[in-house]
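The values are calculated or read from the model by the stated rules, or taken from the named source; none is laboratory data. Predicted model, so just to flag it, every value in this text is computed and none were measured. Here Cβ is always computed from backbone atoms with ideal geometry, including for glycine, and neighbour counts include all displayed protein chains. Accessible surface areas use protein heavy atoms only, side chains included; no ligands, DNA or RNA. Shrake-Rupley method; radii C 1.70, N 1.55, O 1.52, S 1.80 Å.
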Amino acid sequence: MMQAFVSPAFRRTVVGKSSSLLHRRSPTTVVRSFASIYHADMEDLSHEETSSPSSTSSPSSSCAHSLLILGKPGGGKGTISGKILSDFPQFRHVSTGDQLRQHVRNETKLGLEAKKYMDEGCLVPDNVMIKMVMKDAVEAIKNGQSLLLDGFPRTMEQAVALDEQLDVDMVINLCIPNETIIERISDRWIHPASGRVYNYSYKPPKVTGMDDETGEPLVQRDDDKPESVLKRLNKYEEATRPLVQYYEEKGVIQTFRGTQSDVIYPEVQEWLGEQLAEDDVEANTI
Ligand code: ADP
């Protein structure tokens, strides 16, 4: 078992002149060419008996937002997303990792295809991901719901495809050191049937190696094994890092640095609260 993390060394980097998003395009997210995403092959792959396990309906806020969360694999995107959803329930959560794992568990065509890439620590091809995510995402925004996209986009091609459908107005970039991630991932074990996730550092099962609810054995995700983790970190640098610059140029990204989600989150919460309050004021004065 790894030791608890110490010395959080937390720092928030403000992009631009102030913590407000100076260049944001519009307080109300715009949905574009919705019909264009309905392709026949999309129906094949992304709507086989699996809906997003984390997508829940929630009340609409006065204006819809689309918020992305970027960060290395194992960098706490899921944890931070969970906290955001509990404090800001107007967001509908779309997590590509959760959706893919659900497809794998259900042995759908998409799941069988995606598993080959996931087990190897590789990214699932862009065309598959874009089709899987886009309907949920655009539908949510079209219904006036705000959207929290967790794990998408991860490549420039995905970012461009998303931009063609809607305006991204806020991006959280989690910047966590590689050593922290490697420690963290090696401590992460799951209950494969339910998808319940444990971590021996901060969320251990009651009995070592066993699921709390069923008593069944826990396993390590194939893509959490050390050789896959390194591959995923390298892949992140290559494929996802350019997105930070892309969203910096749009003036919509905020970077949060640290080693512990509990320390990082209050800063995220404060920033997000400010952005939403600012936009609601703007929307009400237009
Ligand atoms: P992590 O952030 O730890 O990689 P996720 O649960 O977000 O975990 O994703 C698990 C795996 O699912 C990734 O390693 C990748 O194979 C696949 N995946 C998730 N999102 C995407 C995406 N947007 N593009 C390509 N592959 C993805």
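Across region 105-128, the qualifying residues are those that are in a helix (DSSP H, G or I) and open to solvent by less than 20 Å² (accessible area, probe 1.4 Å), and the one among them that is farthest from Arg232 (Cα to Cα) is Leu110.
Among the numbered conditions (1) more than 21 Å from Ile190 (Cα to Cα); (2) outside any helix (DSSP H, G or I), the only one that Pro73 does not meet is (1). Residues in region 129-158 that are at pLDDT 95 or above and surrounded by fewer than 20 Cβ atoms within 10 Å (Cβ to Cβ) were compared, and the one that is nearest to the ligand (Cβ to nearest atom) is Glu157. Set side by side, the residues Ile172, Ile185, Ile181, Ile264 differ, and just one is in contact with a Phe, Trp or Tyr (Cβ under 6 Å, 6 or more places away or on another chain), open to solvent by less than 20 Å² (accessible area, probe 1.4 Å) and aliphatic (A, V, I, L, M), which is Ile264. Regarding Ser228, is this residue modelled with pLDDT under 85, surrounded by 15 or more Cβ atoms within 10 Å (Cβ to Cβ) and not in a helix (DSSP H, G or I)? Spelling it out, it is not the case that Ser228 is modelled with pLDDT under 85, surrounded by 15 or more Cβ atoms within 10 Å (Cβ to Cβ) and not in a helix (DSSP H, G or I). Taking the criterion of being surrounded by fewer than 20 Cβ atoms within 10 Å (Cβ to Cβ) and assigned to a loop (DSSP other than H, G, I, E, B), the only residue of region 242-259 that qualifies is Gly251.
Per-residue answers, yes or no, for (1) within 12 Å of the ligand (Cβ to nearest atom); (2) among the small types (Gly, Ala, Ser); (3) out of contact with any Phe, Trp or Tyr (no Cβ under 6 Å at 6 or more places or on another chain); (4) at pLDDT below 90:
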position: Cys63; (1), (2), (3), (4): no, no, yes, yes
position: Leu70; (1), (2), (3), (4): yes, no, yes, no
position: Gly75; (1), (2), (3), (4): yes, yes, yes, yes
position: Gly97; (1), (2), (3), (4): yes, yes, yes, no
position: Leu100; (1), (2), (3), (4): yes, no, yes, no
